[in-house]
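Let me begin by presenting the structure, written as structure tokens, before commenting on it.
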Amino acid sequence: MSATNAPAATCPFSGDTGTPAPSSENLRDSVVPGLPQTSAGVEAPVADWVTIPDLYADPFPIYQRMRSESPVHWVPAVNRYMVTSYAACHEIEQDEDRFSADEKNSLMKRSMGHSMLRKDNPEHQVDRDSYGSTLRPGTIKKHWNEIFAANNEKYLGELLAKGPGADFVWDYAAPYTAENLRLICGFHNATQEDLQRWSQTMIDGTGNYADDPDVWDKSAASSAEVDAAIDEMLPLLAKNPDNSLLSGLASLPIPLEAIRANLKMTIGGGLNEPRDVLATTVWALLNHSDQLEAVKKNPKLHATAFEESVRWVAPIGMYPRETTQDVVLEGVSLPQGSRLGVVLGAANRDPEVFEDPEAFNIFRPKKPHLGFGGGVHFCAGTWIARAQVAQIAMPALFERIPDLRLDPSAVSVDAGWVFRGMTKMPVTWG
Amino acid sequence: MPTITFTQPTGEATEIAVAEGTSLMRAAVTNGVEGIVGECGGQAMCATCHIYVRPEFADQLPPISDDEDEMLDCTTAERTDASRLGCQVKMTDQLSSIVVDVPSDQE
């Protein structure tokens with residue numbers, strides 16, 4: 001294969017200009033989506049020893065035990081089947097005919113409305129297409145990177161002004177990603193603090209398995225605020241269009257109900273996830289000085305560290321699916337209407353696929369992780385996250401604060417399982 | 001039925017018969033062709049179904065859209081004039097018997 005006439009374009013994320021490199025290894029050829037499963041499977045074992053507080057504190061030892069026993073368990077504490085092997089999670093992602101995203105009694109639908117994340121095709125694709133090119137690499141390169149860089153400068157400045165002992169998450173990563181998201185969405189009538197409050201309260205609703213009325217009240221209040229903000233912005237952006245999602249939606253024949261639900265989903269996923277990846281990646285690097293030094297010497301490794309971090313601690317650790325028919329999944333039989341949790345956080349540490357999977361190692365062989373999901377619901381914000389975290393924030397951070405380190409006098413806390421990230425990360429320098 | 005031949009860097013070739021309208025990516029993933037991942041399910045969002053189309057079929061291919069073009073800049077293996085995303089090339093009568101090369105996974 002000759003590269004003599006190869007276009008000279010550069011990938012805005014990896015910085016690669018077409019150096020021959022290994023392609024992603026194929027891990028999927030054992031999976032043949034869509035074929036009818038005729039053989040009877042075994043019943044899923046019951047994991048009655050799994051508790052939500054244990055999952056919240058550290059799910060990974062639990063996932064290790066579950067994966068070693070069976071790819072699928074019934075977990076009474078979570079009231080659904082949990083799917084923990086890479087092969088089984090991947091099979092689900094690639095087959096929306098048997099594994100529907102349109103879950104009944106969905107807490108997310110109650111909290112945020114019926115967004116594209118809980119629709120199957122063809123309905124899902126109409127909503128997805130309505131986001132146009134706002135989140136795609138071309139628009140990021142032409143438009144968003146400059147805005148992300150300015151926001152990063154501002155919030156890095158605030159972190160430095162706060163001084164050693166500041167919290168990396170709450171004094172930098174959260175406001176930075178919230179401000180980026182505010183502009184991507186087109187909420188020119190709100191603040192980044194509003195975005196943070198909306199995101200957290202509606203996500204809390206999405207995870208309100210305990211049916212706490214206070215959680216529902218706060219979620220509903222934010223939902224109403226978002227509706228009002230959208231109603232105000234749509235006519236303004238129709239007259240004065242920009243590159244935002246709401247601006248694109250203002251000129252499309254998309255029902256207002258869908259716009260509202262999709263924006264709420266985007267507020268949830270577009271803030272906490274890049275925030276958590278940024279903090280987790282930096283936390284991991286600060287705990288592995290050899291890898292940190294390698295990244296500082298070779299800027300291309302920012303993108304590598306980002307991907308390894310998403311594999312190591314998937315910020316969305318589990319999402320739901322529902323079987324549309326009786327199925328046999330990796331040898332386990334599941335009746336029609338079964339509620340499944342697709343546990344990406346476990347699949348990404350499957351030793352069948354990743355060598356020494358529990359270790360954060362940016363030098364590991366490149367293999368596709370499932371952190372962004374797959375199939376038609378592949379994360380629409382993937383490239384936005386790569387850009388704002390790996391391309392803009394991380395290089396500037398280590399240049400401005402080369403001696404950034406974890407504060408030895410205070411403890412960092414990583415927590416969560418459905419969503420996982422740093423909840424406390426005091427840092428110091430100087 | 002039109003056929004697609006996927007040629008691996010080792011020279012090993014797999015011929016697959018597919019229905020018209022099937023994309024090269026879907027044909028590869030459904031039949032377990034090594035080296036084609038197709039993570040995003042065909043939305044030109046992930047660049048993991050990169051293939052090289054043999055030049056004799058070039059003028060029968062659909063044009064490269066802006067979405068495909070920007071994603072081809074982000075492929076892992078080098079982009080050449082023959083590069084396409086498998087998800088954006090759907091089988092037609094004109095493409096019957098198309099031959100494509102799967103990118104090398106050799107360092």
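Cβ-Cβ contacts under 9 Å between residues 6 or more apart (or on different chains), taken from a first residue in the stretch A:53-80 that is touching a residue at least 24 places away in the same chain (Cβ under 8 Å) and among the acidic types (Asp, Glu) to a second residue that is in a loop (DSSP other than H, G, I, E, B) and loosely packed, with under 15 Cβ neighbours inside 10 Å, are listed as A:Glu69/A:Pro45.
On the basis of being within 16 Å of A:Tyr172 (Cβ to Cβ) and of a type in the set (Gly, Ala, Ser), does A:Gly421 make the cut?
On the way: within 16 Å of A:Tyr172 (Cβ to Cβ): yes; of a type in the set (Gly, Ala, Ser): yes.
Considered against the rule, which asks whether it is within 16 Å of A:Tyr172 (Cβ to Cβ) and of a type in the set (Gly, Ala, Ser), A:Gly421 comes out as yes.
With respect to A:Lys264, is the statement that it is of a type outside the set (A, V, I, L, M, F, W, C), modelled with pLDDT of 95 or more, in a helix (DSSP H, G or I) and under 28 Å from A:Asn79 (Cβ atoms) true? So A:Lys264 passes the test. I'm trying to understand the selection: among the residues of the stretch A:196-234, which are closer than 20 Å to A:Thr177 by Cβ and hydroxyl-bearing (Ser, Thr, Tyr)? Those that are closer than 20 Å to A:Thr177 by Cβ and hydroxyl-bearing (Ser, Thr, Tyr): A:Ser199, A:Thr201, A:Thr206, A:Ser222.
Which residue, of B:Thr3, B:Thr30, B:Thr80, B:Thr75, is out of contact with any helix residue (DSSP H, G or I) (no Cβ under 9 Å at 6 or more places or on another chain), surrounded by fewer than 17 Cβ atoms within 10 Å (Cβ to Cβ) and either of a type outside the set (Asp, Glu) or within 13 Å of another protein chain (Cβ to nearest Cβ) (or both)? Walk me through it before giving the result.
Values: B:Thr30 fails: surrounded by fewer than 17 Cβ atoms within 10 Å (Cβ to Cβ); B:Thr80 fails: surrounded by fewer than 17 Cβ atoms within 10 Å (Cβ to Cβ); B:Thr75 fails: surrounded by fewer than 17 Cβ atoms within 10 Å (Cβ to Cβ).
The conditions single out B:Thr3.
All of A:Ser68, A:Ser39, A:Ser14 fail the test of being outside any loop (DSSP other than H, G, I, E, B) and either at pLDDT 50 or above or away from chain B (no Cβ under 14 Å) (or both), apart from A:Ser68. Looking at the stretch B:85-101, is at least one residue facing chain A (nearest Cβ under 9 Å), in contact with a Ser or Thr (Cβ under 7 Å, 6 or more places away or on another chain), surrounded by 16 or more Cβ atoms within 10 Å (Cβ to Cβ) and among the small types (Gly, Ala, Ser)? No: zero hits. Selection over the stretch A:244-283 of residues that are under 26 Å from A:Glu307 (Cβ atoms) and either free of Cβ contacts under 8 Å to residues at least 24 places away in the same chain or of a type outside the set (Lys, Arg) (or both) gives a count of 19.
Candidates in the stretch B:53-72 are the residues that are within 11 Å of chain A (Cβ to nearest Cβ) and assigned to a loop (DSSP other than H, G, I, E, B); of these, the one that is surrounded by the most Cβ atoms within 10 Å (Cβ to Cβ) is B:Ile64.
The values are calculated or read from the model by the stated rules, or taken from the named source; none is laboratory data. Note that the structure is a prediction, hence the values are computed from the model and not measured. Cβ coordinates were reconstructed from backbone atoms using ideal geometry, including for glycine residues, and neighbour counts include every protein chain displayed.
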